[in-house]
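Inspection log for the structure reproduced underneath, given as structure tokens.
The values are calculated or read from the model by the stated rules, or taken from the named source; none is laboratory data. Just so you know, these numbers come straight off a predicted model, no measurement behind them. So basically every Cβ, Gly included, is an ideal-geometry build from the backbone, and we count neighbours across all protein chains shown. SASA here: full protein model, heavy atoms, side chains in, ligands and nucleic acids out. Shrake-Rupley method; radii C 1.70, N 1.55, O 1.52, S 1.80 Å.
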Amino acid sequence: MIDSGAFGPVRRVFEDAASRLLASDAGQRLILWHEGLGARERRALAVLAVLCGALAVYALVFAPLERRIDAARAHLVREQQLLHWLQAQRSVAQTVYAAVPDAAARPLAVTANAVASEFGLAFASMRPAGNDGVRVELRDVVFADTVRWFAALRREGVRIDAFTIDTRPGALGRVDVNVTLRG
């Protein structure tokens, strides 16, 4: 028995609860019922109690843990697939830095839209961002096309001020993009 250390207070709580239960009317009836059982029935009841306890431990501890482990493994596989795909697209991403920007002759919103249409990209929305910028949202687009669009914008003299790219669950290579452009 554990009578000191970290489990001492827990043990006392369980002992207090058990003594209160046994002192109650229901506890007394349970004791009388148990004493009325034969030796064989008591052994069967003890085996049943152990099995129920083991089942409860499995259902409350191990089954949820197994589900979380399976979900984590599936997530890891998806993330590894995305990583491999992104590494394969590295050369496409490097084209963003290869271009030298030129001065843009048309308004920023028109330039952004015209260049996007060259890559088959359609804006989900476009809003002003301060005095000299626009905020653009793209939904469910091919990542490689987005990177090529970024490179073409840079060649047109458009700066990418900030952006976020979110992967689409279950659609490898497809992303949602929010980007702020400056002229």
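Determine which single condition residue 90 fails, assuming it passes every other condition in (1) within 30 Å of residue 157 (Cα to Cα); (2) open to solvent by 90 Å² or more (accessible area, probe 1.4 Å); (3) modelled with pLDDT of 85 or more.
The single condition residue 90 does not satisfy is (3).
May I ask you to say which residue of 106, 139, 68 is assigned to a strand (DSSP E or B), on the phi < 0 side of the Ramachandran plot and open to solvent by 80 Å² or more (accessible area, probe 1.4 Å)?
Unique residue meeting the criteria: 139.
Across segment 55-65, what is the total count of residues that are open to solvent by less than 100 Å² (accessible area, probe 1.4 Å), among the hydrophobic types (A, V, I, L, M, F, W, C) and more than 24 Å from residue 22 (Cα to Cα)?
Final tally of qualifying residues: 5.
So which residues in segment 4-51 are among the basic types (Lys, Arg) and surrounded by 11 or more Cβ atoms within 10 Å (Cβ to Cβ), if there are any at all?
Of everything in segment 4-51, those that are among the basic types (Lys, Arg) and surrounded by 11 or more Cβ atoms within 10 Å (Cβ to Cβ) turn out to be 11, 12, 42, 43.
What tally of residues in segment 153-173 results from selecting those that are hydrophobic (A, V, I, L, M, F, W, C) and touching a residue at least 40 places away in the same chain (Cβ under 8 Å)?
Going through segment 153-173 one residue at a time, the tally reaches 3.
I need every pair where a residue in segment 1-22 that is more than 29 Å from residue 35 (Cβ to Cβ) and among the charged types (D, E, K, R) has its Cβ under 7 Å from the Cβ of a residue that is modelled with pLDDT of 80 or more and open to solvent by less than 90 Å² (accessible area, probe 1.4 Å), sequence separation at least 6 or different chains.
Cβ pairs passing all conditions: none.
Output yes when any residue across segment 121-134 is under 28 Å from the mean Cα position of the chain (by Cα), in contact (Cβ under 8 Å) with a residue 24 or more places away in the chain and under 21 Å from residue 86 (Cα atoms), and no when none is.
yes
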